[in-house]
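*Asks:* Please read through the structure below; I'll follow up with questions.
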Amino acid sequence: MKKIIAPVLLLILSGSLFAQDPHFSQFFSSPLTVNPAFTGKFDGSVRINGNYRNQWPTINNAFITSTGSVDFHVGKDAIPTNDTWGVGATFLTDKSAGGAVNMNYFSLSTAYHKGLDENGFTQLSGGVQLTYSNTYINTSSLILGYNTDGTPQLYTQSYPNSPSLSSNYIDLNAGVLYSTSTNDRNNFYVGGSFYHINKPMEKLTSSDSYQINPRATIQAGTYFGIGPATTLHLSGIETIQAGASETVLGGAFQFIAQQDDNKSTSLYVGSWMRLNDAIIPYVGLEFNDVRFGLTYDVTTSTLKTASENKGGIELSAVYIYRPSTDKPINCPKF
């Protein structure tokens, strides 16, 4: 049994290198992991984002993904008033197999948003991102199977001379974005990004290396008022990597407490759908300059049997510092 389980485990580990990158159901709350061109694309001076996702927690915390980012505007005195320029930093960590497999990413990004009209309501943006990636596999935590007496068969017991596995590489990503508004209550955007442009190599052992497959994404979204105190937000994303694709579509209603207050409290209620996989109900609360979001993936595919009908919970927080001296900017929100 041990001889069978070990090769299967190694195939799973190596195969994971060809799978999709870590992702979030609330992709709209993690813009710098979606498209570098979103760097600095917000109404305010400084933006801080955070996401936490626990996918299939009943399966020994199969996938836990967390990210945090900060971006801000620079060079206001050196560029035209209808342009904006942003820089940002992102950290993302993805843990799987009960914490035995750890993937960490640190990114620096910048984007320039060129105004196509005198007020900057319509902008064409381009962004680039440089990422340092580290993968670490703690072999002492890997379980190959279980003995007849119920005790676990550890990887280190079967391969005592095998050290922990680790790898590092530098990655290059880029993207473009078009956005436009006609007034302060609507916005439309469409963009595309390309990750792993340099096709980096992941080398976990002295004899094996794996090429990281490029990832292409297309994003689009809009929001518009449908009443004096109600706004509808719609968005979607298509991701393609290593022959696999993922499509997420949906939207949320924003109910505004005081329509004349720029920092009024708002309640968001809606849902997104990952096609052929899950329904993702969403509820959010926004007050002052902070927005909190909560989603839960309700699995609809055949994976619901293996996951015991348990999906993935995800939390997000977005803080934007908006001093009164800033010029209002109509920007993508979802």
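*Asks:* For K41, indicate whether it is touching a Phe, Trp or Tyr at 6+ places or on another chain (Cβ under 9 Å), part of a loop (DSSP other than H, G, I, E, B), at pLDDT 95 or above and basic (K, R).
*Replies:* Here the answer is yes, as K41 does meet what is asked.
*Asks:* Now for a separate question. Just checking, which of T33, T67, T39 is touching a helix residue (DSSP H, G or I) at 6+ places or on another chain (Cβ under 7 Å), of a type outside the set (G, A, S), closer than 24 Å to G98 by Cα and in contact (Cβ under 8 Å) with a residue 12 or more places away in the chain?
*Replies:* Details: T33 fails: touching a helix residue (DSSP H, G or I) at 6+ places or on another chain (Cβ under 7 Å); T39 fails: closer than 24 Å to G98 by Cα.
So the residue among T33, T67, T39 that is touching a helix residue (DSSP H, G or I) at 6+ places or on another chain (Cβ under 7 Å), of a type outside the set (G, A, S), closer than 24 Å to G98 by Cα and in contact (Cβ under 8 Å) with a residue 12 or more places away in the chain is T67.
*Asks:* How many of the residues making up region 176-207 are part of a loop (DSSP other than H, G, I, E, B) and out of contact with any Asp or Glu (no Cβ under 9 Å at 6 or more places or on another chain)?
*Replies:* 11
*Asks:* Against the definition (closer than 20 Å to Q26 by Cα, at pLDDT 85 or above and either among the aliphatic types (A, V, I, L, M) or surrounded by 15 or more Cβ atoms within 10 Å (Cβ to Cβ) (or both)), how does L172 come out, yes or no? Spell out the reasoning first.
*Replies:* Numbers: closer than 20 Å to Q26 by Cα: no; at pLDDT 85 or above: yes; either among the aliphatic types (A, V, I, L, M) or surrounded by 15 or more Cβ atoms within 10 Å (Cβ to Cβ) (or both): yes.
So L172 fails the test.
*Asks:* Separate question: Kindly provide the set of residues from region 177-215 that are in contact (Cβ under 8 Å) with a residue 40 or more places away in the chain and farther than 29 Å from L234 by Cα, ordered by number.
*Replies:* The answer is P200, E202, L204, T205, D208, Y210, I212, N213.
*Asks:* Could you list, in sequence order, all residues of region 230-248 that are without any contact (Cβ under 8 Å) to a residue 60 or more places away in the chain and surrounded by 15 or more Cβ atoms within 10 Å (Cβ to Cβ)?
*Replies:* First, pick out the residues of region 230-248 that are without any contact (Cβ under 8 Å) to a residue 60 or more places away in the chain: 230-232, 236, 238, 240, 243, 245, 247.
Within region 230-248, T231, L232, G236, E238, I240, T247 qualify.
*Asks:* Next question, about the same structure. Considering only residues that are out of contact with any Phe, Trp or Tyr (no Cβ under 7 Å at 6 or more places or on another chain) and modelled with pLDDT of 95 or more, look in region 89-104 and name the one that is nearest to Y136 (Cα to Cα).
*Replies:* N104
The values are calculated or read from the model by the stated rules, or taken from the named source; none is laboratory data. Note that the structure is a prediction, hence the values are computed from the model and not measured. Ideal geometry is used to build each Cβ from the backbone, glycine not excepted, and the neighbour counts take in all protein chains shown.
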